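Visitor: Got a structure for you, written out below as structure tokens; questions coming shortly.
Every number in this text was worked out from the coordinates using simple rules, so none of it is lab data. Keep in mind the model is a prediction, meaning the values are calculated, not measured. So basically every Cβ, Gly included, is an ideal-geometry build from the backbone, and we count neighbours across all protein chains shown.
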Amino acid sequence: MPKLIVILGDQLSPALASLRQATPDDIILLAEVKTEASYVKHHKHKIIFLFSAMRHFAEVLRQQGFTVQYLEYGQDPAIQSISDAVQATVRQFPIQQIVVTECGEYRLQQELLQLQARCQLPVTIMEDDRFVCSLSMFAQWASDRQQLRMEYFYRLMRRHTGLLMGANQQPVGGQWNFDKENRKACPPNIEQIPPLQFAHSEVTKAVITLVNNYFADHPGTAENFQYAVTGKEARKAFLHFVEQQLAKFGDYQDAMLLNQPFLFHSICSMYLNAGLLDVRWMCQKVEQAYKEGRVSLNAAEGFIRQVIGWREYVRGLYWLKMPEYVENNFLDAHRPLPSYFWHAKTKMRCMQQAISQTLEFSYAHHIQRLMVTGNFALLAGLSVQETTDWYLAIYCDAYEWVELPNTLGMALFADGGVLASKPYAASGAYINRMSNYCKNCHYQVKDTLGDKACPFNALYWDFLDRNNDKLGHNARLQLAYKNWFAKGIEQQQAIRDKAQALLIHLEQL
Ligand code: FAD
Ligand code: DLZ
Ligand code: SF4
């Protein structure tokens with residue numbers, strides 16, 4: 001009974017549930033299709049990365065003796081979507097059953113659920129056990145809780161995996177979380193070892209030509225693509241991080257430095273999300289580095305928390321709350337995205353840095369996404385839909401299951417506090433503390449009023465003021481509101497006027 005095993009672009013894992021069932025009689029389908037490549041204007045690097053990784057993965061499967069049906073982009077104009085590709089393959093081969101692994105996005109999952117009717121064949125959807133926490137385990141954890149805070153979920157995951165656990169189910173070092181030790185500012189002259197870069201294979205070269213032909217109007221430049229495209233290369237990149245950068249990642253996770261796009265980050269989310277890396281393997285390598293005394297506990301715990309904590313948590317939340325989640329707009333934010341999100345020409349140094357490296361590498365690290373571009377979008381009341389679409393398009397690691405909770409929930413507080421207990425709103429002082437951007441900026445970070453005042457300052461106070469009815473009761477914002485009320489009526493009005501002027505002229509900042 002030959003099966004058709006459908007492998008999506010972010011399912012490039014040899015141990016994928018559906019592939020574990022494969023026999024030499026089966027057909028394995030991978031398809032480069034328009035609907036997936038264009039549902040937002042993906043950065044060119046994202047398309048190059050995925051198409052090249054898909055083609056390399058298909059070749060590995062062929063070498064293992066499987067029959068692979070690989071549909072290249074534009075090969076058959078009648079095939080526009082994954083379902084079109086499945087239907088065309090079902091017509092070509094004597095398929096008895098279709099097998100897929102749980103999909104990462106609600107949108108595509110709905111499409112896959114129609115396959116049975118469309119192809120008149122049984123469809124089996126297998127659990128995606130590449131994640132540490134199954135969706136049912138997450139739902140069970142969430143079921144008896146009023147608040148779904150990541151910290152408690154993370155403790156469950158530590159116990160569940162046994163990572164960094166000591167005797168009696170207690171954490172190594174006597175503490176679950178070393179977050180406070182992950183927030184040091186970085187000295188500008190610190191020694192940096194850049195992430196590994198990978199030469200273009202013949203496959204990647206062909207994909208770059210394709211992307212330049214079909215996706216010329218998408219953001220980014222194809223030629224400076226430098227990422228790994230195979231599991232082997234991705235593991236090499238990750239081990240380089242563990243050996244060279246992890247020790248400093250612990251201290252400087254939240255730091256930002258001018259002209260240093262990668263600092264001590266792992267640059268592994270795109271590999272992990274596409275299936276080239278395995279989360280358990282990564283965590284074991286990090287735990288081993290700690291046990292062998294090569295990195296401190298705060299570095300190892302800091303990394304493991306991001307991967308088995310935050311990453312698994314946002315996935316669980318996404319599937320728990322979709323499809324309604326995407327409609328949330330708690331703070332009623334509708335202002336259009338200024339054009340510098342697409343070209344980085346702004347006098348705000350922090351925004352210019354975060355956006356220009358995003359356009360160049362399809363990458364920015366967490367604090368740039370959260371506390372620079374995300375914070376700006378929050379303070380300025382930028383449209384939730386336009387902002388989430390931007391994040392989904394522009395980052396090489398972006399799929400809705402991970403992008404949406406991070407953007408809509410964490411950065412924009414548009415879910416009204418499902419994910420975060422308070423908005424991550426901050427004035428220029430935070431950016432100044434964590435970076436050297438402000439020293440190199442047209443604006444004065446210490447000023448709130450005046451032509452050269454840092455726009456984040458007046459926008460921060462105005463954000464609190466205009467959302468007082470929705471946020472004023474939040475216990476974690478009481479100090480911020482106290483400071484706002486202490487300013488007095490005249491000062492408050494001057495700040496409101498300044499913020500209004502900034503909002504009218506957002507495009508010119
Ligand atoms: P590192 O800093 O080295 O962290 C290690 C790993 O931890 C990451 O590779 C990632 O797998 C995981 N991780 C860390 N934080 C998170 C998080 N909050 N959620 C999920 N995983 C996390 N991450 C994505 O993978 N895809 C996205 O589309 C995405 N969109 C984001 C949008 C916003 C507004 C924000 C604030 C964060 C977003 N993140 C997203 C999370 C995080 O910013 C990226 O995972 C991280 O910057 C990737 O870089 P890195 O691999 O160098 O990570
Ligand atoms: C992101 C993406 C892109 C750009 N192109 C394809 C594609 O052509 N074929 C494919 O199977 N997958 C692609 N993907 C990844 C899918 O969008 C991803 O599998 C879903 O969003 C689910 O996470
Ligand atoms: Fe950003 Fe303000 Fe600092 Fe300039 S002064 S870099 S706008 S925070």
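Visitor: Among rounded, prolate and oblate, which fits segment 307-374 when a ≥ b ≥ c are the square roots of the eigenvalues of its C-alpha gyration tensor, a/c under 1.5 means rounded, and a/b larger than b/c means prolate?
Guide: Judged from the Cα gyration tensor, segment 307-374 comes out oblate (a/c at least 1.5, b/c at or above a/b).
Visitor: Please give the helix 455-466 orientation as an angle from the longest Cα principal axis of the chain, in degrees from 0 to 90, rounded to the nearest 10.
Guide: So the helix axis and the longest Cα principal axis differ by about 90 degrees.
Visitor: Also, I was wondering about something else. What FRET efficiency comes out for residue 64 versus residue 121 if R0 is 25 angstrom and r is the Cβ-Cβ distance? Round to the nearest 0.05.
Guide: 0.50
Visitor: Next up: Considering the chain, what Rg and Dmax in Å follow from its alpha-carbon atoms?
Guide: Taking only Cα atoms of the chain, I get Rg and Dmax of 23.5, 78 Å.
Visitor: Let me ask you something else. I'd like the GluC sites (Glu not before Pro) in segment 142-224 restricted to DSSP loop residues with at most 13 other Cβ atoms within 10 Å, sorted by number.
Guide: The qualifying sites are 191, 223.
Visitor: Now, a different point. In degrees from 0 to 90, rounded to the nearest 10, what is the angle of the helix 279-291 Cα long axis to the longest principal axis of the chain?
Guide: Long axis of 279-291 versus the principal axis of the chain: about 60 degrees.
Visitor: Further question: Considering the options 195, 260, 178, tell which one lies farthest towards the positive end of the dipole of segment 135-321, charges being +1 on Lys and Arg and -1 on Asp and Glu at the Cβ, about the Cα centre.
Guide: Final value for the positive-end residue is 178.
Visitor: So which GluC sites (Glu not before Pro) in segment 233-337 are both in a DSSP loop and have at most 11 other Cβ atoms within 10 Å of their Cβ?
Guide: Of the GluC sites (Glu not before Pro), the ones in loops of segment 233-337 whose Cβ has at most 11 other Cβ atoms within 10 Å are 292.
Visitor: Which far-off residues, 5 or more places away or on another chain, put their amide H under 5 Å from the one on residue 29, with H placed in the peptide plane?
Guide: 5, 6, 7, 69
Visitor: What residues of segment 104-141 lie in the reach of a label at residue 96, counting those whose backbone N is under 13 Å from a point 7 Å from the Cα along Cα→Cβ?
Guide: Only 122 fall inside the zone, counting backbone N under 13 Å.
Visitor: Moving on to the next point. Angle, helix 384-394 long axis vs. longest principal axis of the chain, Cα atoms, 0 to 90°, nearest 10?
Guide: That works out to roughly 60 degrees.
Visitor: Which of 207, 289, 51 sits farthest toward the positive end of the charge dipole of the chain, with +1 on the Cβ of Lys and Arg and -1 on the Cβ of Asp and Glu?
Guide: Ranked along the dipole, the leading option is 289.
Visitor: Just name one of 11, 276, 38: the one whose Cα is farthest towards the positive end of the charge dipole of the chain (beta-carbon charges, Lys/Arg +1, Asp/Glu -1).
Guide: The residue sitting farthest along the positive end of the dipole is 276.
Visitor: Something else about it: Quick check: the distance between the Cα centres of segment 124-178 and segment 268-289, to the nearest angstrom?
Guide: Going from one Cα centre to the other spans 17 Å.
Visitor: Only Lys, Arg, Asp and Glu count, each charged at its Cβ (+1, +1, -1, -1), so figure out the dipole size of segment 3-126 about its Cα centre, rounded to 20 debye.
Guide: 140
Visitor: Grab every C-alpha pair in segment 340-508, bin the distances at 10 angstrom width from 0 up to the longest one, and report whole percents.
Guide: In order of increasing distance, the bins hold 10, 39, 37, 13, 1 percent.
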